[in-house]
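This report concerns only the one structure given below.
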Amino acid sequence: MLAPYVSSGRLTILREHAPVAATVNGDRIASVRLRDMRSGSEREIQAQTFLDATETGDLLPLAKVEYVTGAEAQSQTGEMHAKSEAQPANMQAVTWCFVMEHIDGEDFRTDAPPNYSFWRDYVPKLTPAWPGKLLHWDNTHPITLEPRTHTFDPREAGREGGLWVYRRLIHERLYEPDAYAGGMCVVNWPQNDYWVGNVIEVDDVERERNLRGAKELSLSLFHWLQTEAPRPDGKQGWPGLRLRPDVTGTEDGLAKRVYIRESSPHSRRIHHNGRPCGRRPAQQETGAADGDLRAASFPDSVGVGSYRIDLHPSTGGDNYIDVRLTALRDSAWEP
């Protein structure tokens, strides 16, 4: 869709560039300096309008814009699940996803990744409590917060496959014979949610440590699946599992970037004098809190949507917060 504008010279796309500095005149951004993440070279961009479309609001601190992070206080939002006091460093888990394939009868087992023993034995310290080790089929049900047990069997095509069919990419039996050696799925599971530390509002050393930790957790989960994961047949491990770096476009088989879950809980949000800029829907306006099936009316809405409030475990030690809501709507929309 962008190609005609690029070929006509009206649009320039700079791939793999990141903002590193901004020049500000009063309340306006005059220019932004970008760094080519491959070569290290920098260039200055001048414009009348800048739109921050980063997942974590990277432009805000560079431009010295007021913002908040983490969990806001109930006195600020009025939300029933908000904290009594603001916790700026309490942010949702991030996840380093990966793609894996299973070929029955093969053995692709590899050496254990760094810190495997730590993650294999890691027991989360969350409130309410996690039922045991993170690398286990037992974990917390997001809605009830009661313990639940997952299943996993890459030989099964239906519900019996458990987590294998969750976010499945390829079901090899739906294609011509030999089109795919085995099925593939994306792993974005409770077991590779990383909440040990934050990747924003920390110094570069801490950020890189936590990004590396998120990778090590995902690679440890994969190795556990290959070698130690309990199977329905009583055996341990699925040696026929292998990573697919050709699918992710990376050397290690992990995604190119860490998954920042829902930008608001792990990002910077613009505030001015302690208040949000613009109209931001709150939990009590979704209609689900008191059983009302209609959300609050937003005349300036640009869309309609409905999804659960789905907060994963946080770096502040909170377990899931997963509650129902109804459709956010503008005044012209009727169900």
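Side notes on the structure shown:
- Residues that are without any contact (Cβ under 8 Å) to a residue 40 or more places away in the chain and open to solvent by 40 Å² or more (accessible area, probe 1.4 Å) were ranked within segment 65-91; the one that is farthest from the chain's Cα centre (by Cα) is 75.
- Elements of type strands (runs of 3 or more DSSP E) contained in segment 167-278, each with 3 or more residues being in contact (Cβ under 8 Å) with a residue 40 or more places away in the chain: 183-187, 241-243, 269-272
- Unmet requirement for residue 109, which otherwise passes all of (1) open to solvent by 70 Å² or more (accessible area, probe 1.4 Å); (2) at pLDDT below 95: (2)
- All conditions but one from (1) closer than 21 Å to residue 210 by Cβ; (2) modelled with pLDDT of 90 or more; (3) not polar (S, T, N, Q); (4) not in a strand (DSSP E or B) apply to residue 20; the one that does not is (4).
- Within segment 97-152, the residues that satisfy the criterion of being closer than 25 Å to residue 316 by Cα, of a type in the set (Lys, Arg) and assigned to a loop (DSSP other than H, G, I, E, B) are 125, 133.
- Every condition in (1) open to solvent by less than 30 Å² (accessible area, probe 1.4 Å); (2) among the hydrophobic types (A, V, I, L, M, F, W, C); (3) in contact with a strand residue (DSSP E or B) (Cβ under 6 Å, 6 or more places away or on another chain) is met by residue 126 except one, and the failing one is (3).
- Residue match in segment 187-206 (condition: open to solvent by 50 Å² or more (accessible area, probe 1.4 Å), touching a helix residue (DSSP H, G or I) at 6+ places or on another chain (Cβ under 7 Å) and under 30 Å from residue 309 (Cα atoms)): yes
- Summed over segment 53-64, the residues that are in a loop (DSSP other than H, G, I, E, B) and either open to solvent by less than 50 Å² (accessible area, probe 1.4 Å) or in contact with a His (Cβ under 9 Å, 6 or more places away or on another chain) (or both) give a count of 4.
The values are calculated or read from the model by the stated rules, or taken from the named source; none is laboratory data. For clarity, every value in this text was computed on a predicted model and none was experimentally measured. Cβ atoms come from the backbone with ideal geometry, glycine included; neighbour counts cover every protein chain shown. Remember, those area values only see protein heavy atoms, side chains included, never the ligands or the DNA or RNA. Shrake-Rupley method; radii C 1.70, N 1.55, O 1.52, S 1.80 Å.
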